[in-house]
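Just so you know, all these numbers are worked out from the coordinates, no wet-lab data involved. Note that the structure is predicted; figures quoted are calculated from it, not measured. FYI the Cβ positions are ideal-geometry reconstructions off the backbone, even for glycines, and counts take in every protein chain you see.
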Ligand SMILES: [Zn+2]
C-alpha cells in the first residue's frame, strides 16, 4: 500500500457530499466498500461506522488496533461561488505537489484520514485485527463521538488520523466548556444634553480560541470595554453593544453606541486611546481599525446601573492564557476566551465565554473564575457544552512505537506535541477508559476555509509511516 492508493480513494471521497449532519451518502459508501470486500461493518444509530478486518495469518497474537477519523467535512465556499455541498463534487487542482480546492474547502480534513483507513482495509498487508472507526459530525460538536455507545469498538490502542502536520505526533488535547452570562436590563431616558456616538473596533486578526490563544492577538471586546470603562466618569450611557461571533473564535470586531454629554471630547479621547492601543499591538495587529463618529438613533439607553456592571465585568473578565503545561514545553494548559457580547433579545445582554484545559479540574476552575466575575456584576451565569480533554501520557506505548518507526524510516525523531483544542480522542478516552492513543496525519493548510490544501509530499511520508506502524504493531 502506498500514497497513490490513498490518494485514489480520497479523490473518490471528494465526489461524495458529506457536510456535517448529512453523512448518509458517505455512510452508504463505507457500507458498500466493506460489503464488496466481505468485511464486517457496523453502523450505530447516530451514523458512526466501524469496519473490521480480521488478523492476517501469523499475526494472531497482535492486539486489536483501532484507527479512527471523521466522515464529515466543513463546507465553506468563497463569496459568489456557485456550489451545492449537498450534491456537487469538490473541484480541486494539483499544483506544485499540493492538492488544492480553490473556491471551496477540500475536505482533506478528514477525508484523507478516511481514505488512509480504507486503503488499509483494501490492502493485503500483514497486520493484526484492525477496527476502522468513522465518526459523524465531528466538525459541529463531535456528535458522533458523543453518541457512540460503549463496545462499538473493542481495541485498547487507538490511532486518530485527524491531525494536520506531518512529522508531529499528538498525544493530548484540551477539553472545553462554554460559560454564558446574562444581564437583564430595563431602559432609561437619554440624559439631558446627551447625544449618541458610534464606536467601532474592527479588522483584528482573531483566530481560533484554542490554537491561537497564546499569540498575543487583540480581543476587540476587551478593548471596547477598556475604553467604555475609562468613559464611565464622564456619565456615558450605553445604548448598544455587540462584538465577537462564535464561542471558539477570538473577537475580531466590536461595536458600541453610547450617549455622551460632549461628543467631540469623547471622540477625541477614543482616537487618542486608539493610538495607544495601536502602539501596544503594532506587531500582531497591523490591520486593526478604530472609528468614532456622531450618530443618530431613537433607541433608549440601557439603565445605567446595569450598563456600569456590564462594562466593569467585561473589562475585568479574564481572557487568554491562564497557565502553561508543566509536561510539554510551550503547550497552553488552561485558557479562557471572552468570545462575544450581544443583545439577543429585548432586555437581555448575553456574554459568551469559553474555557479550555486538558485537565478537568483546571478547566472547571477557569470557568468558575469567569462565573465569579459576572456574578459580582449581578448577571446570571450558565455553563454548557462541556467535553473532556485528553491528558498527555509521555510514557504511552503507541507513542514509543510511532516514534521508533518514524526514526527508522526517516532518520530523525518526529515532534511530540499536544494541542490546545479539541479532538475526538478526549471523548473516547473518557467513554472507553484505559485507551492508549495517538494522533497524526499528513500536512494540511487552510482547513475549514476555501483554499484548503493537502501537501502530497507529506502524504507519501504519512502513508509509509502509517503502514510501518500498523504492520509492526504488536
Ligand atoms: Zn478534522
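Observations on the structure shown:
- When the Cα convex hull of the range 1-59 is projected onto planes of every orientation, the mean area is 5.2 nm².
- Calculated FRET value between residue 60 and residue 409, using beta carbons and R₀ = 25 Å, to 0.05: 0.45
- The ellipsoid that matches the Cα gyration tensor of the range 1-121 has semi-axes, each √(5λ) in whole angstrom, of 29, 17, 11, with the longest given first.
- Summarising the overall dimensions of the range 81-121 from its C-alpha atoms, the Rg and Dmax are 12.0, 36 angstrom.
- 0 to 90° range, to nearest 10: angle between helix 263-280 axis and the chain longest Cα axis: 40 degrees
- With Cα atoms, 0 to 90° folded angle of helix 220-231 axis to the chain main axis: 20 degrees
- In the range 66-177, the DSSP beta bridges split such that about 35 percent are antiparallel, to the nearest 5.
- The shape of the range 340-425 can be summarised by an equivalent ellipsoid whose semi-axes, obtained from the alpha carbon gyration tensor, come to 42, 13, 9 Å from longest to shortest.
- The chain, helix-only ellipticity at 222 nm - DSSP H runs n ≥ 4, -39,500 (n - 2.57), divided by all residues, nearest 500: -9500 deg cm²/dmol
- Cα coordinate range in the range 146-217, projected on the principal axes (Å, largest first): 72, 32, 14
- The relative contact order of the chain comes to 24 percent, based on Cα pairs under 8 Å that sit 6 or more residues apart.
- Percent breakdown of C-alpha pair distances by 5 Å bin, ordered from the shortest bin, for the range 233-296: 4, 14, 20, 24, 19, 13, 6, 1
- Cα centroid separation, the range 169-246 to the range 339-377 (Å): 12 Å
- Angle of helix 3-13 to the longest C-alpha principal axis of the chain, folded into 0 to 90 degrees and rounded to 10: 60°.
- q = 0.13, 0.19, 0.20 Å⁻¹: log10 I(q)/I(0) that the Debye formula gives for the range 64-201, counting C-alpha atoms only: -0.79, -1.29, -1.36
- Length, then width, then depth: along the principal axes, the Cα atoms of the range 176-387 run 58, 37, 24 Å.
- Measuring r between the beta carbons of residue 321 and residue 278 and using R0 = 22 Å, the FRET efficiency lands at 0.45.
- Packing here is the average count of other Cβ atoms within 10 Å per residue, and on that basis the peptides 115-125, 268-278, 4-14, 325-335, highest first, run 115-125, 4-14, 325-335, 268-278.
- Two-site FRET efficiency, residue 38 against residue 84, from Cβ-Cβ distance with R₀ of 35 Å, rounded to 0.05: 0.50
- Percent breakdown of C-alpha pair distances by 5 Å bin, ordered from the shortest bin, for the range 422-474: 4, 16, 16, 16, 21, 16, 9, 2, 0
- Fraction of beta bridges assigned by DSSP in the chain that are antiparallel (%, nearest 5): 80 percent
- Fraction of the pair-distance distribution of the chain above 41 Å, Cα-Cα pairs, percent: 28 percent
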